[in-house]
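The values are calculated or read from the model by the stated rules, or taken from the named source; none is laboratory data. Model, not experiment: these values are computed from the prediction. All Cβ positions, glycine included, derive from the backbone under ideal geometry; neighbour counts span all protein chains shown.
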Amino acid sequence: MRGALRFGRSTGGDAPALQPAVYLADHRSSGPFLTLLRYRELLRQLVIREVKLRYKRSVLGFAWTVLSPLFAMAIFTMVFSKIFGAAPNYPLYVITALLGWNLFSLGTSRGLDSVVINGPIIRKVFVPKAIFPVAAVASQVVNFLFSLVPLVLFMVAIGAGFGWSLLWLPIPLFSLTCFALGIALLLGTFNVFFRDVKYFYEAGVMAWFYATPVFYPAEIVPDRFRFLLHFNPMYALLESLRVPIYRGTAPPLGLLITGLVISLLTLTIGWTIFHRLESRFIHYV
């Protein structure tokens, strides 16, 4: 980064009046991963800010992280438990996938706007642009971890078992986080240049939710359409997350590998496109 002082006309005397420094910088970081590592303290502060902003001025504050999934589970249970009665222990079936879906949908939605919202910071000082979508997704991972509290309490209340299968959870959680970050980087990039992306995604993510077996079992999908589930990345990711908790068994290896491959591929594509175009962000935010 190069700093330069710009001079203006003096109102009195011959000496030029000093104006604030104008900083010229390459707005694309050459080593994005190392740059993020150097800015880890800023990343930590941004994650804390994201978590706090979500419940700012609400009466219950951070308690909504615990209460929100419970309320959603209760609503889905009251409305759909009779319809999908074939799924045993329906409330647990719903909440396990709902927590993963919330991580993805909220992380990508916040990541979509993150670069534009932080435009004033980007225009004033150099920061790695990817730090904003990374912070948006990381904050939702924090919310996910806190939302495990009501899940554990609920499992205790209904007498669900806690087995060794739970040790598989870090793998689908890692895959889900990588996938959310990859989508957030792609959306954040396109949203800089085309603000309509936000409105298209809001409609698209709602349709995506209903196309994913979150509150209904995959078995009710007609056989002739069931193959479409394998083209839905969220099916593999959520099912890998749900099976160790709901069924108490290891997730199917095929789903686990599929989710991991898709997630890493999405993250690689998202990061590459973001990094190649970030030098132009300064002209649009």
Legend entry - Cβ-Cβ under 7 Å pairs, at least 6 apart or on other chains, region 164-176 side crowded, with 17+ Cβ neighbours inside 10 Å, far side of a type in the set (Phe, Trp, Tyr): Leu176/Phe104
Inset, instruction - Select from region 210-229 the residues that are more than 25 Å from Val152 (Cβ to Cβ), within 22 Å of the chain's Cα centre (by Cα) and touching a residue at least 12 places away in the same chain (Cβ under 8 Å) and list them in ascending order. - result: Ala211, Leu229
Inset, instruction - Return yes or no: is Ala250 surrounded by fewer than 22 Cβ atoms within 10 Å (Cβ to Cβ), in contact (Cβ under 8 Å) with a residue 60 or more places away in the chain and among the small types (Gly, Ala, Ser)? - result: yes
Inset, instruction - Inspect all residues belonging to region 225-236 and state whether any of them is among the hydrophobic types (A, V, I, L, M, F, W, C) and in contact with a Leu (Cβ under 6 Å, 6 or more places away or on another chain). - result: yes
Inset, instruction - Look at Ser165 and say whether it is in a helix (DSSP H, G or I), more than 17 Å from the chain's Cα centre (by Cα) and of a type in the set (Ser, Thr, Tyr). - result: yes
Legend entry - Among the candidates Ala207, Ala236, residue that is of a type in the set (A, V, I, L, M), surrounded by fewer than 23 Cβ atoms within 10 Å (Cβ to Cβ), free of Cβ contacts under 8 Å to residues at least 60 places away in the same chain and part of a helix (DSSP H, G or I): Ala207
Inset, instruction - Assess whether Thr258 counts as being surrounded by 13 or more Cβ atoms within 10 Å (Cβ to Cβ), under 30 Å from Phe154 (Cβ atoms) and not hydrophobic (A, V, I, L, M, F, W, C). - result: yes
Legend entry - Residue among Ile131, Ile121, Ile75 that is free of Cβ contacts under 8 Å to residues at least 24 places away in the same chain and within 24 Å of Phe190 (Cβ to Cβ): Ile121
Legend entry - Test: residue in region 213-227 that is modelled with pLDDT of 90 or more and part of a helix (DSSP H, G or I): no
Inset, instruction - Consider Val142 carefully, then state whether it is of a type in the set (A, V, I, L, M) and over 12 Å from the mean Cα position of the chain (by Cα). - result: no
Inset, instruction - Test Ile131 against the stated conditions and say whether it is modelled with pLDDT of 90 or more, buried (at least 19 other Cβ atoms within 10 Å of the Cβ) and not charged (D, E, K, R). - result: yes
Inset, instruction - Scan region 181-203 and give yes if some residue there is farther than 28 Å from Tyr39 by Cβ, within 15 Å of the chain's Cα centre (by Cα) and either surrounded by fewer than 15 Cβ atoms within 10 Å (Cβ to Cβ) or among the aliphatic types (A, V, I, L, M) (or both), otherwise no. - result: yes
Legend entry - Criterion: among the β-branched types (Val, Ile, Thr) and either within 20 Å of Arg44 (Cβ to Cβ) or under 13 Å from the mean Cα position of the chain (by Cα) (or both) - qualifying residue of Ile117, Ile158, Ile83: Ile117
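Conditions tested, residue by residue: (1) of a type outside the set (Gly, Ala, Ser); (2) in contact with a helix residue (DSSP H, G or I) (Cβ under 7 Å, 6 or more places away or on another chain).
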{"site": "Val137", "(1), (2)": "yes, yes"}
{"site": "Val141", "(1), (2)": "yes, yes"}
{"site": "Gly163", "(1), (2)": "no, no"}
{"site": "Leu166", "(1), (2)": "yes, yes"}
{"site": "Pro172", "(1), (2)": "yes, yes"}
{"site": "Gly182", "(1), (2)": "no, yes"}
{"site": "Glu202", "(1), (2)": "yes, no"}
Inset, instruction - State yes or no: is Val243 assigned to a helix (DSSP H, G or I) and more than 21 Å from the chain's Cα centre (by Cα)? - result: yes
